[in-house]
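Written out below as structure tokens is the structure these notes cover.
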Amino acid sequence: EFQQLVTHSILINKNKLFDIFNDDGDDVIDINEFVSALSKQEFRSKMLYHGEQAQNKLQAWLECNVYRRYRNRLMAFLCIVLPVFGMALLRGLYGIEQTTVDGLVFVFYGLNVADIGLRWFAFGPARFFDLARYPNPPFTTAAINKYNSKRKIPFLNDDDSDKIIRLSASEREWVVNNLRDTRPQSLLERSVLSICHRLEAFAVISMGMLWTIAFFFPFDEKDADKHLAGYQRHVLELSLFIRFFTCLRSNQKLVYVIFTVFPQFSALLTFLVLFIYGWARLGCTLFGDGTREIITEEVYPQTSNITTDFSTLPFSMLSLIQLMIGEGWHEIMYYNVMSTSLIFSTYFMFYVLIVTIIVANVFVGLFLSDIDELKTKQEDEDTLSIFLKKSSKFKQYAKSKLAELHYDLQQIEDRRRQKLKQIDTFKRLLNPAQHGGDGNKSILNQSLIGLAQADYDDEFRMF
């Protein structure tokens, strides 16, 4: 009966179902266990997965056959993203009608919105923005199990490994006949794809709203009768250029690093902003009195190249940002010190020391440490991809990785033994104190014996 229940099915995890029937854990299902398990409400609740996302057949077909394929992103990049970059290069050339170029930009923007909208429909409203949080729907999980069963791939950190899929016979047949085998995604892949989805949706929606505002409320009256005149055309182009980083696999990891690592530095960035604000206020007090105007080009030839000053708070913060970047910071310092006093040079030197040297290096160090953590998360993904794409070289790769892991494990064992040795030393040192006076007497007796032996040796030498 159990075999009949899971008859040659690739849509049900047989091991998980066997564990549900096997209550006593003896790896044998008898008739009493089978009947009692079928009659229990707990069994029916385990068979029905209540946390799955709703998915119809059209959504399943689009996800498994279209949007789960990297080739789809590559074709979208070549067909509806890259041409916008070419049109931006052609803009302004002699003989090119600007109206035609602007119209094509609007058309390609609409195609990108349609592509992102279909992707949002295929993955579902919630899963589109967070694939790592929400599990795969039943049809998608069935297609993934087809892929794993045909290639005999074990589950590697996959949330669907303990999921039992309840599909009817007609739905099961539809999955087998209509859905392509879908490669499982690691947690890192799902996180990267979720961030790319959020960035694309935010770009097209926000830039579309900004273009709409600029269209109905133009900043320049002469552009009021033009659809994509002036600055307005660049708003739509910017939303499409962002897809350069989300469509290509080599750039997706960069997007993931930026959006996962940088939020961890919120405290450091807050300190930097507050420090620049306070230092800019001090700069307005020291150099904002207009005395710098006495410095002419005859006195300091670089005067004409200096465009920032400390006359107002915004200009002062802009000058400090230029100092932080390091672009011509010494010219700004010489210009303001010559108009005031040499002692005020400490203002610039202290700022460069704190912000440019200390804060910037701390930021880079923390960033590189998070990059190392990201590499460790990618190990399972690399292992599975090499197993699938380079099966002939997988044995060599596995042997090298095993040697590396054994070496790391040995290092951990050595550190563990050192820690245990230190713990044992402290326990032995604390042991006399636990015994109270007996321990102190033993230490005192040893000291007296040592002193007596020293006196005896001295007397022997004298003799």
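Which residue, of 107, 101, is touching a Lys or Arg at 6+ places or on another chain (Cβ under 8 Å) and free of Cβ contacts under 8 Å to residues at least 24 places away in the same chain?
On the way: 107 fails: touching a Lys or Arg at 6+ places or on another chain (Cβ under 8 Å).
Testing whether each residue is touching a Lys or Arg at 6+ places or on another chain (Cβ under 8 Å) and free of Cβ contacts under 8 Å to residues at least 24 places away in the same chain leaves just 101.
Taking the numbered list (1) surrounded by 11 or more Cβ atoms within 10 Å (Cβ to Cβ); (2) among the β-branched types (Val, Ile, Thr); (3) without any contact (Cβ under 8 Å) to a residue 12 or more places away in the chain in turn, residue 343 passes all entries but (1).
Against the numbered list (1) surrounded by 15 or more Cβ atoms within 10 Å (Cβ to Cβ); (2) over 16 Å from residue 116 (Cα atoms), residue 59 comes up short only at (2).
Going through (1) modelled with pLDDT of 75 or more; (2) open to solvent by 50 Å² or more (accessible area, probe 1.4 Å) one by one, residue 316 falls short only on (2). Taken over the stretch 75-126, residues that are within 18 Å of residue 236 (Cα to Cα) and among the small types (Gly, Ala, Ser) amount to 8.
Quick one: which helices (runs of 4 or more DSSP H) sit completely within the stretch 85-190 and have at least 1 residues that are modelled with pLDDT under 85 and touching a His at 6+ places or on another chain (Cβ under 9 Å)?
Details: elements: 98-123, 138-151, 169-178.
The helices (runs of 4 or more DSSP H) meeting that bar are 98-123.
Among the residues of the stretch 191-208, some residue qualifies, meaning at least one is in contact with an Asp or Glu (Cβ under 6 Å, 6 or more places away or on another chain) and either open to solvent by 90 Å² or more (accessible area, probe 1.4 Å) or modelled with pLDDT of 75 or more (or both).
The values are calculated or read from the model by the stated rules, or taken from the named source; none is laboratory data. As the structure is a computational prediction, the values presented were derived from the model and not from experiment. With ideal geometry, Cβ positions are generated from the backbone for all residues, glycine too; neighbour counts draw on all protein chains shown. Ligands, DNA and RNA are stripped out before the accessible areas are found, and what is left, the full protein with its side chains, is counted by its heavy atoms. Shrake-Rupley method; radii C 1.70, N 1.55, O 1.52, S 1.80 Å.
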